[in-house]
Amino acid sequence: MSASGVLSFTQQGWEQVLAKVKRAVVYLDAACAESLHWSCGSTRLLEAVGSPECHLREFESDAVGGGAKQPKAVFVLSRLLKGRTVEILRDIICRSHFQYCVVVTTVSHAVHLTANHVPAAAGAEMEGQQPVFEQLEEKLCEWMGNINYTAEVLHVPLLLAPVAPHLALTPAFASLFPLLPQDVQLLNSVRPDKRKLGSLGDVDATALTPELLLQIRCLVSGLSSLCEHLGVREECFAVGSLSRVIAADLANYTPAKNRRKTAAGRASVIFVDRTLDLTGAVGHHGDNLVEKIISALPQLPGHTNDVMVNMTELTSLRTEEENYNVVAPGCLAQSNDTTAKALWEALLNIKHKEAVMEVRRHLVEAASRENLPIKMSMGRVTPGQLMSYIQLFKNNLKALMNHCGLLQLGLATAQTLKHPQTTKWDNFLAFERLLLQSIGESAMSVVLNQLLPMIKPVTQRTNEDYSPEELLILLIYIYSVTEELTADKDLGEAEEKVKKALAQVFCEESELSPLLQKITDCDSSINLTFHKSKIATDELFISLRDIAGARGLMKQFKSVYVPGNHTHQASYKPLLKQVVEEIFHPERPDSADIEHMSSGLTDLLKTGFSMFMKVSRHHPSDHPLLILFVVGGVTVSEAKMVKDLVASLKPGTQVIVLSTRLLKPLNIPELLFATDRLHPDLGF
């Protein structure tokens, strides 16, 4: 039941897939590729395939089919086998020469029944039968052109991308994000008057869109499989409105109820809405090298949690930008390199200064083992110093292969240290500290007026100034850290000034970034008028007001702001820290904001009897394993904080932090202004 269970859970799933791929063309979608990337790597998959005739391919509508010498295909998909997904399967198979097809889905057959509107009672009677999968097997043979060919459809729960023993992510649910008050209006627009929702507090499963409910059920199915692997009967708790729906669905998921009857271990699973504290997600107070690497380096294509490391320094190519795509990029995930993986896990758990020294130490030791002519230097670690060590490996193929993982992490560190974004990180931190003091001493209108001179058009900006996207990050920080706002004339005027200034800046951008295109609903700055830009900033501030009121329904966790006094400056206290401290409070109080989700009549009776007699109620600190799931993303610093805090408050308790994705500050405006929050794309 250890935290390393997340790795064994994922690797066990991939072993089932690897057993099927010998001499096959393998098609993966992005989420499954990311799970593979962090758990055992594509090298392990290629070794299992074991044939030069066969390849790994992305699962997409225009994917290349299988040739005459490629009779076998394995499809590994994180989607429901329905609609567009099945159409793509059909198209690939029909233009191929396959005689043997295996389709692996991460979504259980029970969820496929739900997606096909089979009532739960009817589904329960089908124990041992899998009609949805069996029907697809028949179709696969039909598409291959011979009913005597072989087809298999099976469920393997490849839910997680295990980033560290204490931290795992769910790539297929990277876009899942808690609801905002404005979403209540959208949900109400399709509800009869008598059943209108008053606030997010009224949201339950019946209020959500069918697509979002199905997405939640897919997640719940995967989490139930994880609990089965860990051998635990879980009690479900929630902090926040969407978390409450997810926790209730897991608590009452029929296959989970059956599984719990024989589970020997116990665990508490606590879901927390990210929107209750966006300060920690957009802030720069995490003194962690990995957070800076993720923020500075470009995202690895098709991934949500890894970056591209430029490897041209280790080649004879010139380091001009046009050569960057000639050499395959490096990355952070090093699942098959024991030394590099140990360094990666160390970087997740130590402060920035210690981390860069640790990278240098590893490079020096590796160079020494390879008898490379290294010149030792002490003191402050610089990017140039790291590069001088890395380039020692350049023309030594054996040394390069022996330490490839370490060199990728070394290059990631050096490139981050000299990146302009890293210098700006300290500027952000200084301004955020100033904001914390100002919020305690001044009205919100004064704080916004302090921001106004920093809003500059592209023609007036230097590298030190903030881009439009960075200004959005600062605004989210300001509105998230404050209490619920009271509208007044001064605040209205200050907001109007900021809106107009931002609208003008958007209009004058030479090129609109993907985020600005999404916010303005305009694909080119040439077509962006001031009027259209102003409408966008008006809507932007509606979202900011929603962020400020996100904790309005909380009774206990109403603030993440700690005012200053004569001895201490004002500070930010993360919501996750407050939640963990409340869970392990020595007096074990019943928290008003950590809701326990009943899993049936026994729990309801227990809750009812506790009003009249002494009955022990479920408490999240009751069990030896705590699984904390942050819905909407988590930062490296937050995961470390939770791990360290649990270890100090209740030694011996195991903790696993799960989340939908690893966050950098820019992810939050992207998630906030996504248009498909209520209607996620499920591939059909």
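The values are calculated or read from the model by the stated rules, or taken from the named source; none is laboratory data. From a predicted model like this one, the values you see are computed outputs, not experimental measurements. Note: ideal-geometry Cβ built from the backbone for every residue, glycine included; neighbour counts use all protein chains shown. Note: accessible area is taken over every heavy atom of the protein model, side chains too, but ligands, DNA and RNA are not part of it. Shrake-Rupley method; radii C 1.70, N 1.55, O 1.52, S 1.80 Å.
In square angstrom, rounded to the nearest 10, how much accessible surface does residue 209 have for a 1.4 Å probe?
Roll a 1.4 Å probe over it and residue 209 shows about 20 Å².
Below 8 Å, C-alpha to C-alpha, sequence gap of six or more: please give me the relative contact order for the chain in percent.
18
Under 19 Å Cα-Cα from residue 353, which lysines qualify once same-chain neighbours fewer than 8 residues away are excluded?
292, 418, 424, 640
Can you tell me the dipole magnitude for the range 298-418 around its Cα centre, using point charges on the Cβ only (Lys, Arg +1; Asp, Glu -1), in Debye to the nearest 20?
440
Using the beta-carbon distance between residue 378 and residue 299 and R0 = 35 Å, what value does 1/(1 + (r/R0)^6) give for FRET efficiency, to the nearest 0.05?
Values: r = 35 Å, r/R0 = 1.00.
So, using R0 = 35 Å, E works out to roughly 0.50.
Could you calculate the FRET efficiency of residue 345 with residue 395 from 1/(1 + (r/R0)^6), where r is the beta carbon distance between them and R0 is 35 Å, rounded to 0.05?
For residue 345 and residue 395, the calculated efficiency is 0.70.
Using unit Cβ charges (K, R positive; D, E negative) and no other charged atoms, how large, in debye to the nearest 20, is the dipole of the chain about its Cα centre?
Magnitude of the dipole: close to 1320 debye.
Among 61, 35, 96, what's the order by accessible area (1.4 angstrom probe), most exposed first?
Numbers: 61 75, 35 0, 96 20 Å².
Ranked list, largest accessible area first: 61, 96, 35.
Assign one of three labels to the range 6-158, namely rounded, prolate or oblate, based on the Cα gyration tensor with a ≥ b ≥ c the square roots of its eigenvalues; rounded applies when a/c is under 1.5, prolate when it is not and a/b is larger than b/c, and oblate otherwise.
Cα axes put the range 6-158 in the oblate bin.
What is the percent carbon and sulfur in the accessible area of the chain, measuring with a 1.4 Å probe over the protein chains and ignoring ligands?
Carbon with sulfur: 52 percent of the solvent-accessible area.
Rounded to two decimal places and with Rh computed the Kirkwood way over Cα pairs, what is Rg over Rh for the chain?
Looking at the chain, the ratio lands at 0.96.
So if each residue of separation counts as 0.36 nm, and I subtract the Cα-Cα distance between residue 266 and residue 566, what length gain in nm does that give?
My answer for the length gained is 103.4 nm.
Roughly how many whole Å is it from the C-alpha centroid of the range 439-513 to that of the range 1-60?
The range 439-513 and the range 1-60 have Cα centres separated by 46 Å.
Roughly how many nanometres apart are two label points built 7 Å out from the Cα toward the Cβ at residue 556 and residue 258?
3.6
Counting heavy atoms of the protein chains only and a 1.4 Å probe, report the per residue accessible area for the range 399-439 as a whole number of Å². Walk me through the intermediate numbers first.
Details: 1480 Å² over 41 residues.
I get 36 Å² per residue for this part.
Need one number: nm distance between label points at residue 338 and residue 63, each 7 Å from Cα along Cα→Cβ, rounded to one decimal.
About 3.5 nm, to one decimal.
Of 86, 101, 115, which is farthest towards the positive pole of the range 6-158's charge dipole, taken about the Cα centre with +1 and -1 on the beta-carbons of Lys, Arg and Asp, Glu respectively?
The one lying farthest along the dipole's positive direction is 101.
Give me, ordered by chain and number, the residues 5 or more places off residue 167 or on other chains with an amide H under 5 Å from its own placed amide H.
So residue 167 has HN proximity to 657.
Using a cut-off of under 20 Å, list every residue of the range 506-548 whose amide N is near the label point 7 Å from the Cα of residue 445 along the Cα-to-beta-carbon line.
The answer is 538, 541-542, 544-546, 548, whose backbone nitrogens lie closer than 20 Å to the label point.
With every protein chain left in place, what is the accessible area per residue of the range 6-158 in square angstrom, probe 1.4 Å? List each step's numbers first, then the result.
Details: 6840 Å² over 153 residues.
Accessible surface, normalised per residue, equals 45 Å².
Please name which of 525, 536, 501 has its Cα lying farthest along the dipole of the range 441-549 towards the positive end, using unit charges on Cβ (Lys, Arg +1; Asp, Glu -1) and the Cα centre as origin.
525
Let me know the charge dipole size of the range 6-158 about its Cα centre in debye, to the nearest 20, where only the beta-carbon of Lys, Arg (+1) and Asp, Glu (-1) is charged.
340
Calculated from DSSP H runs of 4 or more alone, at -39500 (n - 2.57) each and per residue, what is the 222 nm mean residue ellipticity of the chain, nearest 500? All intermediate terms of the calculation are to be shown ahead of the outcome.
On the way: 28 runs with 315 residues, N = 684.
After summing the helix terms and dividing by residue count, I get -14000 deg cm²/dmol.
Kindly provide the GluC sites (Glu not before Pro) of the range 462-553 that DSSP labels as loop, not H, G, I, E or B, and whose Cβ sees at most 10 other Cβ atoms within 10 Å.
Of the GluC sites (Glu not before Pro), the ones in loops of the range 462-553 whose Cβ has at most 10 other Cβ atoms within 10 Å are 464, 511.
For the pair residue 146 and residue 354, what calculated FRET efficiency results from E = 1/(1 + (r/R0)^6), where r is the Cβ-Cβ distance and R0 = 45 Å, to the nearest 0.05? Mind showing how you got there, number by number?
Numbers: r = 62 Å, r/R0 = 1.37.
Approximately 0.15, to the nearest 0.05.
For the range 199-276, what is one quarter of the convex hull surface built on the Cα atoms, given in nm²?
5.2
Once both labels are modelled 7 Å past Cα along the beta-carbon direction, what's the residue 47-residue 538 spacing in nm?
6.1
When DSSP assigns beta bridges and you keep just the ones with both residues in the chain, what percent turn out antiparallel, to the nearest 5? Walk me through the numbers on the way to the answer.
Values: 10 of 54 bridges.
Counting only bridges with both partners in the chain, antiparallel ones make up about 20 percent.
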